[in-house]
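*Asks:* Following this message is one structure expressed as structure tokens.
The values are calculated or read from the model by the stated rules, or taken from the named source; none is laboratory data. In this text the structure is predicted, and so the values were computed from the model without any measurement. Cβ placement follows ideal geometry from the backbone for every residue including glycine, while neighbour counts extend to all protein chains displayed. Quick note on the areas: whole protein, heavy atoms, side chains included, nothing else; ligands and nucleic acids left out. Shrake-Rupley method; radii C 1.70, N 1.55, O 1.52, S 1.80 Å.
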Amino acid sequence: MKTIISSHFNFPGQKSVYKGKVREVYNINDSILVMIATDRLSAFDVVMPKGIPYKGQILNQIATKFMQLTADIVPNWLIATPDPNVAVGHLCEPFKVEMVIRGYLSGHAAREYALGKRVLCGVTLPEGLKENDRFPEPIITPTTKADLGVHDEDISREEILSKGIVSEEDYVVLENYTRALFERGTAIAKEKGLILVDTKYEFGKTKDGKIVLIDEIHTPDSSRYFYAEGYQERQDKGEAQKQLSKEFVRQWLISNGFQGKDGQQIPEMTDEYIESVSERYIELYENILGEKFVKADVTNIEERIEKNVTDFLSNYSK
């Protein structure tokens, strides 16, 4: 199966390229960014050696849809999506924090809680919670925005402000936008029979100083979803929740002795397992958006992307 795990384009007006864990971002004339969602798979801040067919397309199209569905409450960077794997948006200076918001005790928060920790990123957690229980109110637990190959680190609001990572004026905006987006995402998920458990948002500043949402939103890579039906029954019985997120990959890695720690080897991902992950991502897409996933032509992904982006740029500059 054809995948794109790396790109080496040279677009008209290209100034530089930034390669993240999953996305590759091309700076065009210090004005706009071309963001390519590759098929790379990242877990525990480590990029897996094999790509997942259609994963980039899935993430890009989910993020695009949710950017459109939230543009009335939070401005975003998006200009156009000239290719299934590509988003084009305004050049921004990213904030060096990721705004993580959690409605439930799951994932990283649950793992920390199980170790006996009752304060996460400066937020005090209630006693007596079980994994996947709902918090009384959603909590914001930011992380530092780490470079490739470096783990993101939990950080509190107080540390962010005291270290001058974000000004207090800007941070208040980030918090308000984060809560508004999570509320909207929760409502949209509910319509699809899902629970938006937790998610992360990234923000940047445009050249004129406007704070906007960047990167991705409400995708299975940045968010965790449960099926709403049977949620409470499963909690009451102490059963695992039915999840729609990348957590199934993390759990598979953990069961095979990998959590991204020094000295650990990434387990072998067979073609069959890669195919099953691709099918799971398609399932996520169809449930989250409530529409059928249409596979793009992957005969020659690189040529397709290069043509679509070049055509867009030639028309955009006119």
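*Asks:* Give the ranking of HIS218, HIS90, HIS8, HIS108 by solvent-accessible surface, highest area first, calculated with a 1.4 Å probe.
*Replies:* HIS8, HIS90, HIS108, HIS218
*Asks:* Okay, next question. Could you tell me whether segment 161-312 comes out rounded, prolate or oblate from its Cα gyration tensor? Rule is a ≥ b ≥ c as square roots of the eigenvalues, rounded for a/c under 1.5, then prolate if a/b exceeds b/c, otherwise oblate. The partial results should precede the final answer.
*Replies:* Values: a/c = 1.42, a/b = 1.13, b/c = 1.25.
Cα axes put segment 161-312 in the rounded bin.
*Asks:* Let me ask something additional. Just name one of PHE248, GLN235, TYR273: the one whose Cα is farthest towards the positive end of the charge dipole of segment 211-275 (beta-carbon charges, Lys/Arg +1, Asp/Glu -1).
*Replies:* Most positive-ward Cα: GLN235.
*Asks:* So if I place +1 on the C-beta of Lys and Arg and -1 on the C-beta of Asp and Glu, and nothing else carries charge, what would the dipole magnitude of segment 197-301 be about its Cα centre? I want it in debye, nearest 20.
*Replies:* So the dipole magnitude of segment 197-301 works out to roughly 460 debye.
*Asks:* Let me ask something additional. Roughly how many percent of the accessible protein surface of the chain is carbon and sulfur, given a 1.4 Å probe and a whole-percent answer?
*Replies:* 49
*Asks:* Taking the solvent-accessible surface of protein heavy atoms with a 1.4 Å probe, what is the per residue accessible area of segment 43-150 in Å²?
*Replies:* Result: 40 Å² per residue.
*Asks:* Does segment 1-91 come out rounded, prolate or oblate, given a ≥ b ≥ c as the square roots of the eigenvalues of its C-alpha gyration tensor, rounded meaning a/c under 1.5 and, failing that, prolate meaning a/b above b/c?
*Replies:* Oblate, because a/c is 1.5 or more while a/b does not exceed b/c.
*Asks:* How charged is the neighbourhood of GLU286? Take every other residue with its Cβ under 13 Å from the Cβ of GLU286, and add Lys/Arg as +1 and Asp/Glu as -1. Mind showing how you got there, number by number?
*Replies:* Details: positive: LYS65, LYS192, ARG280, LYS292, LYS295; negative: GLU279, GLU283, GLU291.
Surrounding charge for GLU286 is +2.
*Asks:* Charges at C-beta only: +1 for Lys and Arg, -1 for Asp and Glu. How large is the resulting dipole of segment 152-214 about its Cα centre, in Debye rounded to 20?
*Replies:* Result for segment 152-214 is approximately 400 debye, rounded to the nearest 20.
*Asks:* Another question about this same structure. Identify which of THR199, THR124, THR64 has the largest mean-square fluctuation in a Gaussian network model of the chain, with springs joining Cα atoms closer than 10 Å.
*Replies:* Comparing THR199, THR124, THR64 in a Gaussian network model of the chain, the most mobile one is THR124.
*Asks:* Then there's this: Sort segment 98-231 into rounded, prolate or oblate with this rule: let a ≥ b ≥ c be the square roots of the eigenvalues of the Cα gyration tensor; rounded if a/c is under 1.5, and if a/c is not under 1.5, prolate when a/b is larger than b/c, oblate otherwise.
*Replies:* Here segment 98-231 falls in the oblate category.
*Asks:* Of the listed values [x] -0.49; [y] -0.31; [z] -0.36, grab the one calculated as log10 I(q)/I(0) by the Debye sum over Cα atoms at q = 0.08 Å⁻¹ from the structure here.
*Replies:* [z]
*Asks:* Say we join alpha carbon atoms closer than 10 Å with springs in a Gaussian network model of the chain; which of GLN57, GLN232, GLN264 then has the biggest fluctuation?
*Replies:* GLN264
*Asks:* Given the options THR124, VAL212, PRO82, identify the residue whose Cα lies farthest towards the positive end of the charge dipole of the chain (+1 on Cβ of Lys, Arg; -1 on Cβ of Asp, Glu).
*Replies:* Result: PRO82.
*Asks:* Evaluate the charge dipole of the chain about its Cα centre and quote only its size in Debye, nearest 20, assuming +1 on the Cβ of each Lys and Arg and -1 on the Cβ of each Asp and Glu.
*Replies:* With only Lys, Arg, Asp and Glu charged at Cβ, the dipole is about 160 debye.
*Asks:* Tell me the net charge near ASP83. Cut-off is 12 Å between Cβ atoms, ASP83 excluded, with +1 for each Lys or Arg and -1 for each Asp or Glu.
*Replies:* Taking every Cβ under 12 Å from that of ASP83, the sum is -3.
*Asks:* Sticking with this one: Distance check, please: which entries in LYS96/LYS295; LYS130/LYS242; LYS210/LYS307; LYS200/LYS295; LYS163/LYS246 exceed 23 angstrom between their Cα atoms?
*Replies:* Violating the 23 Å limit, Cα to Cα: LYS96/LYS295; LYS210/LYS307; LYS200/LYS295; LYS163/LYS246.
*Asks:* Here's another thing I want to ask about it. Near LYS261, which aspartates and glutamates are there with a Cα under 19 Å away, not counting those fewer than 8 places off in the same chain?
*Replies:* Reachable aspartates and glutamates: ASP45, GLU112, ASP147, ASP152, GLU153, ASP154, GLU247.
*Asks:* Compare THR206, THR299, THR178 in a GNM of the chain, Cα atoms joined below 10 Å, and give the one with the largest fluctuation.
*Replies:* Maximum among the listed residues: THR299.
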